[in-house]
Structure formats: C-alpha cells, structure tokens
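Asker: Starting off with a structure, shown below.
The values are calculated or read from the model by the stated rules, or taken from the named source; none is laboratory data. Being a predicted model, the structure only gives us computed values, none of them experimental. FYI the Cβ positions are ideal-geometry reconstructions off the backbone, even for glycines, and counts take in every protein chain you see. To get the accessible areas, we keep the full protein, side chains included, count just its heavy atoms, and leave off ligands, DNA and RNA. Shrake-Rupley method; radii C 1.70, N 1.55, O 1.52, S 1.80 Å.
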Amino acid sequence: MEQREQRYEGKAKKVYATDDPAYYIVSYKDDATAFNGEKKGTIASKGIVNNIMSNIIFALIAEEGVPTHFVKQLSDRDTLVKAVTILPLEVIIRNVAAGSFSKRYGVDEGTPLLFPTLEFSYKNDELGDPLINDDHIMALGLATKEELNQVRSYTHKVNEVMKAFFLDKGLKLIDFKIEFGKLADGTIILADEVSPDTCRLWDVNTNEKMDKDRFRRDLGKVEETYQEVLKRVKGE
Ligand code: TMP
Ligand code: ASP
C-alpha cells in the first residue's frame, strides 16, 4: 500500500492516507507531552516502543474477540491500520486508584478499587479533556446508547485480557485509556494505541512505576523504563 498525504498530526502520532481509503498509516513519534500539552519533551525511541507494543497487544485483544484497527506493522515506527473516525471519548478503566482519580476523590494512590471502574473523558484539548457521563455523551450526540454499551463491554474485556497479560510479565495494570473508532459502515473497533503512554503499569514486586508517570513526574530512567516494558511485553 502506498503512503499518501498526512491526514492528522497528534501529540504522539501522525496519520497518513494511503491509496486505499479504507486504510491509514500511523507513524509513532518520540514527542511526549503531559498535563494537556503544558509539559513537553522527547523520550528517545518511545515511538518504536509504543508502535511495537501496541501491535502485540492489539493482536492479542483481537484474538480474544475485540476487533481492532491493527492490520500490519510496516516498520519500527509505522503501522497499517483500518481507517476509522475516532469517537471523541477517552475510555478509562481503573483497577487501582492513581492519578486524577486519587486527586479528585482524595484516595491514596495504590488503593485497590472494589471493581474495574470505567470513566469517560470528552476528547477535547481546548476543554482539557473533561470527565463526561453517559447522558452528557448521548445528549451531545457523541455516541448512541448502543454504541456506548458496545464500548463498555469491549473495554471491560480489554481490561481482563491486558490485566492477565501484564501480570504474566510482572506488571500490575493500575489503569489505562483506550479510544474507539467507527468504520465507514458504523462498526466500532478499538483504535489509537496501548502503550506506557496510555497505561499505568507498576512492577509487581517493587511497585516501581513503569510508565509515562516517570516523565510526567520527573522520576528519571524514562527511556530505560520504556525499553524494559517492551522487553517484557515481547517476552525477552
Ligand atoms: P489520569 O489518572 O491522569 O486520569 O489517567 C488515567 C489513565 O489514562 C492513565 O493510564 C494515563 C491515561 N491517560 C492518557 O492516556 N491520556 C491522557 O491524556 C490522560 C490524562 C491520561
Ligand atoms: N495529559 C496527557 C498525558 O499526561 C498528555 C497531554 O495531554 O499532553 O498523558
């Protein structure tokens, strides 16, 4: 498939058209931002880690019955995906309290939650991705009730698959964010990425943070941690 014009540039990826309108090429960058773009930096080789890791996990998730946009890895940084229109929702599951949940509700980071807790944010940089509920989503026409039901059920399945997968690699899945897209016929599939940028992963033995919080909070060993996560995900 031939790469054509750039369609979109996000904070961590570029998306290109191809000669077939049903497919895009995503290209992962090393750029890192946090706090809605307030903090900017680069994490050397992050794009490679996130590309390879996302593809491994998307392949696994697809085997477990959740359709994804992943088609084929083209290079270290580039992947062929199905073209979708992204639903403007960040779908988050929290297994353990951390980050904005801990701050908002005054709960210590590391407190286990009684069940996997799903929340939505409205994907809108100008507004700072505010928390949004089902009624808000439907009232604004961002998704229908049926689409939300599908998204919820897929997201819980993704949590179960990823929790088990990461645990086997010595990593606790604290929380994560995923995004869904719609194919031309309206089918909802998992899109975007699954990486240390979009998951909180803590070492099972030491509780060491093995994700983008090392960058967000200036904890050091950022590049090394991304490499270590990829090594574990690859089973090396
Ligand atoms: P939060 O605790 O900051 O709300 O983050 C919850 C999860 O979502 C965490 O795994 C990091 C991920 N996340 C993103 O992928 N993108 C974002 O813009 C934010 C704020 C969080
Ligand atoms: N807030 C996102 C993060 O911390 C990145 C950003 O919005 O710039 O992952």
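Asker: How big, in percent, is the set of alpha carbon pairs in the chain lying more than 23 Å apart?
Answerer: Above the 23 Å cut-off, the chain has 48 percent of its Cα pairs.
Asker: Quick check: at a probe of 1.4 Å, how many percent of the accessible area of the range 5-88 sits on carbon and sulfur atoms?
Answerer: Reported share for carbon and sulfur atoms: 49 percent.
Asker: If you don't mind, there's one more thing I want to ask. Excluding ligands, DNA and RNA, what is the solvent-accessible area per residue of the chain at a probe of 1.4 Å, expressed in Å²?
Answerer: I get 48 Å² per residue for the chain.
Asker: Mind checking the alpha-carbon convex hull of the range 84-175 and giving the volume per residue in Å³?
Answerer: Spread over its residues, the Cα hull of the range 84-175 gives 125 Å³ apiece.
Asker: Next up: Across the range 125-192, how many lysine pairs, 8 or more apart or on two chains, come within less than 28 Å at their alpha-carbon atoms?
Answerer: Taking the Cα cut-off of 28 Å, the pair count is 12.
Asker: Using only the alpha carbons, work out the radius of gyration and Dmax of the range 150-232 in angstrom.
Answerer: 14.3, 46
Asker: Next question. Please get the size of the charge dipole for the range 1-155, origin at its Cα centre, with Cβ charges of +1 on Lys and Arg and -1 on Asp and Glu, quoted in debye to the nearest 20.
Answerer: Using Cβ point charges on Lys, Arg, Asp and Glu, the range 1-155 gives about 260 debye.
Asker: Here's another thing I want to ask about it. Picking from Gln150, Ile132, Leu171, whose Cα lies most toward the positive end of the charge dipole for the range 119-172 (charges on Cβ: Lys, Arg +1; Asp, Glu -1)?
Answerer: Towards the positive end, the residue furthest out is Leu171.
Asker: Under 25 °C and 0.890 mPa s, how fast does the range 1-140 diffuse according to Stokes-Einstein, given a Kirkwood radius computed over C-alpha pairs? Answer in µm²/s, whole number.
Answerer: Rounded to a whole number, D works out at 142 µm²/s.
Asker: What's the extension gain from Thr144 to Glu119 if we count 0.36 nm per residue and subtract their Cα-Cα distance?
Answerer: Here the answer is 7.4 nm.
Asker: Stokes-Einstein at 37 °C, 0.692 mPa s, Kirkwood radius from Cα pairs: D for the range 147-187 in µm² s⁻¹?
Answerer: In µm²/s, the coefficient rounds to 283.
Asker: Return the inverse of the average 1/r over all pairs of distinct C-alpha atoms in the range 1-82, which is the Kirkwood hydrodynamic radius, in Å to one decimal.
Answerer: Evaluated on the range 1-82, it is 13.4 Å.
Asker: Turning to a different aspect of this structure: Return the loop-located trypsin sites (Lys or Arg not before Pro) in the range 136-230 (DSSP other than H, G, I, E, B) with at most 13 other Cβ atoms within 10 Å of their own Cβ; answer none if there are none.
Answerer: Here the sparse-neighbourhood loop sites are Arg217, Lys221.
Asker: Over the range 110-236, what percent of the accessible surface lies on carbon and sulfur atoms, probe 1.4 Å?
Answerer: 51 percent
Asker: What number of lysine-lysine pairs in the range 1-106 show an alpha-carbon separation below 24 angstrom, given a sequence spacing of 8 or more or placement on distinct chains?
Answerer: 28
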